[in-house]
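Note sheet for the following structure.
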Amino acid sequence: MSKLLVLFLIVATLFSCKRTEKPCCAIDVPFEEPLLIDYASNFELIKTNVGYSLEILNPENGEIEKTYSLKSNTEYKIISLSATLNGMISILNEQNKLIGIGKEHFIYDTLILDNLQKEYTQPFGDETNISLEKIIASNANIVFYNGFGDKFPNEDKLAKLGIAVIPIYDWRENHPLGKAEWIKLVGIITGKEEEAKAYFSSVVEEYDRILAITDTISHQPTTLAGSMFGDIWFAPGGDSYFATLLKDAGANYIYSDTKGTASQEFSMERILKDNIATDFWINPTLPTKSKLLDVNPKAKYLNAFNNNSYCYSAKMSKFWEQSAAMPHLVLRDLVQIFHPEIEFDEELYFYQKVD
């Protein structure tokens, strides 16, 4: 952390997002103390004399990629192109601060859907070709996006207008609780800092309770994850949050020894070679075997396809919106799948068997 604080001193100008009719100006903000971040590795929050300084860290090297000034007592009008953020905003009951989302068909929360119908919240579509004019007309002063690819369109122009554009790298975290910890940032943006901290603490407590159960398990069934897109099979990297979930659920992930948090790419031939006898297949992306065979006929040769494949695809919007902030429920589902001998009172929350 000390290295980050020294690097912070080098940053001379910060993006400031405040509710004004004129574009806000870049200002210097001295640091005071960091907010404790226990699991997340791709952002830092540092207390300042006017609020917080947000440091977004590059997932590849951990270096500061962008810095933003988040001011206390500021009413943020949010465009969120990230399902993760939409779910966290909903958990904190601040949906009315969400004036824009990405695509309508990815929304699960009923209040956000109602706000869309009333046109209080507007759909903005894909982040790669989002309309500059529409963002400006919305009066938003902060935009969250997934950071999957290149620089956000017109980011520099938006910054000059006082609109901060912030990438969300939760999907590159190496621990599911790190992914969930981004709710602390959402708490600051929405004025629910203490509520966000309390919620996260409850998630950690429940995750650790379930983890204590799986720590006693001796048998770890082999597991494959991911699916085909075109001619390439994409599987979670061995350092990814989902690989951690599989391990914590008491499974032996076939590609746990691969490096990095990004997806690993394999040919179908390699998948068949490595996984003919693998016990489980998690996240094949489609809800039925017939649909899977339509896009990947060779899947029928996998033992797990015939016996034990599970996915969230029947509840896809629910999964994308809620799972990041509810890793304890994902973990509980996976434990129930891999170890049915362990009895839980609850049914599967996100997953169901692919038949």
Checklist line | the stretch 54-138: trypsin sites (Lys or Arg not before Pro) falling in loop per DSSP and having at most 14 other Cβ within 10 Å | finding: K103, K118
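Can you give the calculated 222 nm mean residue ellipticity of the chain, where each DSSP H run of n ≥ 4 adds -39,500 (n - 2.57) and the sum is split over every residue, rounded to the nearest 500 deg cm²/dmol?
Details: 14 runs with 120 residues, N = 355.
That comes out to -9500 deg cm²/dmol.
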Checklist line | Rounded to whole Hz, the Karplus (6.51, -1.76, 1.60) HN-Hα couplings of the stretch 100-113, x for glycine and proline | finding: x, 10, x, 10, 4, 6, 9, 8, 10, 4, 5, 6, 5, 4
Item checked: For the chain, with +1 on Lys and Arg beta carbons and -1 on Asp and Glu, the positive-most of L224, S41, F152 along the dipole -> F152
Notebook entry, point to check: So how far apart, in nm, are the two label points at F106 and K157 if each is 7 Å from Cα heading toward Cβ?
Noted result: 2.3 nm
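Is the stretch 181-245 rounded, prolate or oblate when judged by the Cα gyration tensor, a ≥ b ≥ c being the square roots of its eigenvalues, rounded requiring a/c under 1.5 and prolate requiring a/b larger than b/c?
Numbers: a/c = 4.69, a/b = 1.42, b/c = 3.30.
Oblate.
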Next item on the list: Once you have a ≥ b ≥ c as the square roots of the Cα gyration tensor eigenvalues for the stretch 290-355, tell me rounded if a/c is under 1.5, and otherwise prolate or oblate according to whether a/b is larger than b/c.
Entry: oblate
Notebook entry, point to check: Given a Förster distance of 45 angstrom, what is the FRET efficiency for E63 paired with E343, based on the Cβ-Cβ distance and rounded to 0.05?
Noted result: 0.45
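From the square roots a ≥ b ≥ c of the eigenvalues of the alpha-carbon gyration tensor of the stretch 70-227, which class results: rounded (a/c under 1.5), prolate (a/b over b/c), or oblate? Display every interim value, and only then the final one.
Numbers: a/c = 2.03, a/b = 1.69, b/c = 1.20.
Judged from the Cα gyration tensor, the stretch 70-227 comes out prolate (a/c at least 1.5, a/b above b/c).
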Next item on the list: Give me the aspartates and glutamates in straight-line cross-link reach of K289: C-alpha distance below 19 Å, same-chain residues under 8 apart excluded.
Entry: D231, D279, D355
Next item on the list: Just subtract the alpha-carbon distance of N93 and K318 from 0.36 nm times their residue separation and send over the number in nm, one decimal.
Entry: 79.4 nm
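With only Lys, Arg, Asp and Glu charged, each at its Cβ (+1 for the first two, -1 for the last two), find how big the charge dipole of the chain is about the Cα centre; round to the nearest 20 debye.
Details: 33 positive and 49 negative charges, 167 e Å.
Here the size comes out at about 800 debye.
Below 8 Å, C-alpha to C-alpha, sequence gap of six or more: please give me the relative contact order for the stretch 215-355 in percent. Intermediate values should be presented prior to the final figure.
Working: 246 pairs, mean separation 33.6, N = 141.
Once normalised by length, the contact order is 24 percent.
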Check: What aspartates and glutamates could a cross-link reach from K259, if we take a straight Cα to Cα line under 20 Å and drop same-chain neighbours fewer than 8 places away?
Finding: E60, E63, D170, E173, D239, D248, D274
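Assign unit charges at the C-beta atoms only (+1 for Lys and Arg, -1 for Asp and Glu), then state the dipole size of the stretch 206-353 relative to its Cα centre in Debye, rounded to the nearest 20. Don't jump to the answer; show the numbers that get you there.
Working: 13 positive and 19 negative charges, 118 e Å.
Charge dipole of the stretch 206-353: 560 debye, to the nearest 20.
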Notebook entry, point to check: Once phi is turned into ³J(HN,Hα) by the Karplus curve 6.51 cos²θ - 1.76 cosθ + 1.60 with θ = phi - 60°, what whole-Hz value does each residue of the stretch 41-54 show in order, with x for glycine and proline?
Noted result: 10, 10, 7, 9, 10, 10, 5, 10, 6, 10, x, 9, 9, 9
Checklist line | Among S90, S317, S218: highest mean-square fluctuation, GNM of the chain, C-alpha pairs under 10 Å | finding: S218
Checklist line | Local net charge near L132, Cβ-Cβ under 12 Å (Lys/Arg +1, Asp/Glu -1) | finding: 0
Notebook entry, point to check: Using a Gaussian network for the chain with springs between C-alpha atoms less than 10 Å apart, which of these wobbles most: L185, L45, L292?
Noted result: L292
Check: Taking a threshold of 22 Å on the Cα-Cα distance, which of the pairs K77/K318; K134/K192; K66/K197; K71/K184 fall above it?
Finding: K77/K318; K134/K192; K66/K197
Note to self: Using Cα-Cα distances under 8 Å and only pairs 6 or more residues apart, what relative contact order does the chain have, in percent?
What the structure shows: 14 percent
Notebook entry, point to check: Using the beta-carbon distance between E75 and E206 and R0 = 41 Å, what value does 1/(1 + (r/R0)^6) give for FRET efficiency, to the nearest 0.05?
Noted result: 0.80
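Report, in cubic angstrom per residue, the convex hull volume of the C-alpha atoms of the stretch 206-353.
Numbers: hull volume 16.5 nm³, N = 148.
Once divided by residue count, the hull of the stretch 206-353 is 111 Å³.
Taken together, the values in this text are just the output of simple stated rules run on the coordinates, not laboratory data. Note that the structure is predicted; figures quoted are calculated from it, not measured. In this analysis, Cβ positions are derived from the backbone assuming ideal geometry, glycine residues included, and neighbour counts consider all displayed protein chains.
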